[in-house]
Amino acid sequence: MLAASGLAHSAELDVTVQNLTQGIYFTPILISAHSSDASLFELGETATTELQAMAEGGDISGLAASTEALSANNVSNPAEGLLAPAMSTTASLSTDEGNDVLSIVAMMLPTNDGFIGLDNWSIPEEAGTYTLYLNAYDAGTEANDEIRGSGAPGEAGLPVPPPLEDLVGNNGTGVAATISNANVHIHPGNIGDDDGMGGLSDVDNTVQRWLNPVAKVTVVISE
């Protein structure tokens, strides 16, 4: 994260995030208005430790702290927990001068290190309603084995918190054992299988697969 000045204007935003998937949950969401010379993630680059913690275990505290240290305007966890499929959450955000771009991240469950991402979207100076669609990204920090695990950074396996306990299988042997791309990249998607008590994956291939985009963001800028 690098500090720098941005455009000298402030804004009042209402930001709505909608989960567009059939069976994927979003962990606590971080919405951040910050300087255009800072970023939460960079495609094609190695993930930071803060991004890894978010992408593997849903922990947004590191990213929130690093942006707040640069005087970002943040809203953390507007849904007050997991955002279920088809559900939406809205946050109001007042931006300070220089915080001229908007970024959004949240882990996707069940995945090993998948997350939704908006990277440095320039906040318009003109009032109005703006609609954005977000892709799923892979942090490149963990092999996509698709089996149960702690979700702790550096430990294999995907976290399975409630209410996913009864939606994710058991005893999978693992889809992949190695990382094929160690940089942040578009997520290849869950593979899954139809064996809830074995097989390669603990992911249900009839429910927990997806195609991009995975989230819709509506930004309302007040006059």
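Computed from the coordinates by the stated procedures, all read-outs in this text should not be read as laboratory data. Since the structure is predicted, the reported quantities are computational estimates derived from the model, not experimental observations. Cβ placement follows ideal geometry from the backbone for every residue including glycine, while neighbour counts extend to all protein chains displayed.
A few points about this structure:
- Per-peptide packing, taken as the mean over residues of other Cβ atoms within 10 Å, places 172-179, 37-44, 111-118 in the sequence 111-118, 37-44, 172-179 from highest down.
- In the distance distribution for the chain, Cα-Cα pairs more than 30 Å apart total 21 percent.
- For ASP138, the shell of other residues with beta-carbons less than 12 Å away shows a net charge of -3, using +1 for Lys and Arg and -1 for Asp and Glu.
- Segment 18-223 - charge dipole about Cα centre, Lys and Arg +1 at Cβ, Asp and Glu -1, debye rounded to 20: 340
- Extension gain, SER10 to ASN170, is 52.7 nm, computed as 0.36 nm per intervening residue step minus the present C-alpha separation.
- The length gained by stretching the chain between THR218 and GLU97 to full extension, at 0.36 nm per residue less their Cα-Cα distance, is 41.4 nm.
- A simple spin-label model places pseudo-atoms 7 Å from Cα toward Cβ; at ALA127 and ALA177 they are separated by 6.1 nm.
- Fully extending the segment from ILE191 to THR90, taken as 0.36 nm per residue of separation minus the present Cα-Cα distance, adds 33.3 nm.
- The GluC sites (Glu not before Pro) of segment 133-205 that meet both conditions, a loop assignment by DSSP and at most 11 other Cβ atoms within 10 Å of the site Cβ, are GLU165.
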